[in-house]
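Q: Quick one: the structure is below, questions incoming.
Every number here is computed from the coordinates shown, using simple stated rules; none is lab data. All of these numbers come straight from a predicted model, not from anything done at the bench. Here the Cβ positions follow ideal geometry from the backbone for every residue, glycine too, while neighbour counts run over all protein chains shown.
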Ligand SMILES: [Zn+2]
């Protein structure tokens, strides 16, 4: 995976996690609510300008917390809620991501 692919995969997973969270927690059916859209856009912008994509794999593992305190709390809650649920929904996508994460850890 090159850096661009990693960024895209991270954005995609983040999107699915927030989307799932919003549907279950906020009861939305067609797309996310404004609050979750804002969070997704924020996460996307952080990933897009992350200088560490080449050496790390996912924001949850990043030692440099570039999220503001408020957004960090929100994304954490989303990940807690959606992490395992997303795995059952999109096992291939998440498994691929986990494999990449493991590989990066060994480097
Ligand atoms: Zn929402």
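Q: Consider only pairs whose beta carbons are under 8 Å apart and that are at least six residues apart or on different chains; among these, list those whose first residue lies in segment 1-23 and is outside any helix (DSSP H, G or I) and whose second residue is more than 16 Å from the ligand (Cβ to nearest atom).
A: Every condition considered, the pairs that remain are 1/9; 1/100.
Q: If a residue has to be within 16 Å of the ligand (Cβ to nearest atom) and in contact with a helix residue (DSSP H, G or I) (Cβ under 7 Å, 6 or more places away or on another chain) to count, how many in segment 32-52 make the cut? Working first, answer last.
A: Narrowing segment 32-52 to residues within 16 Å of the ligand (Cβ to nearest atom): 32-44.
Pick out the ones that are also in contact with a helix residue (DSSP H, G or I) (Cβ under 7 Å, 6 or more places away or on another chain) and you get 32-33, 36, 39-40, 42-44.
Of the residues in that region, 8 qualify.
Q: Filter segment 12-31 down to residues that are loosely packed, with under 14 Cβ neighbours inside 10 Å, on the phi < 0 side of the Ramachandran plot and more than 7 Å from the ligand (Cβ to nearest atom), then give me how many there are.
A: Residues flagged as loosely packed, with under 14 Cβ neighbours inside 10 Å, on the phi < 0 side of the Ramachandran plot and more than 7 Å from the ligand (Cβ to nearest atom) within segment 12-31 amount to 4.
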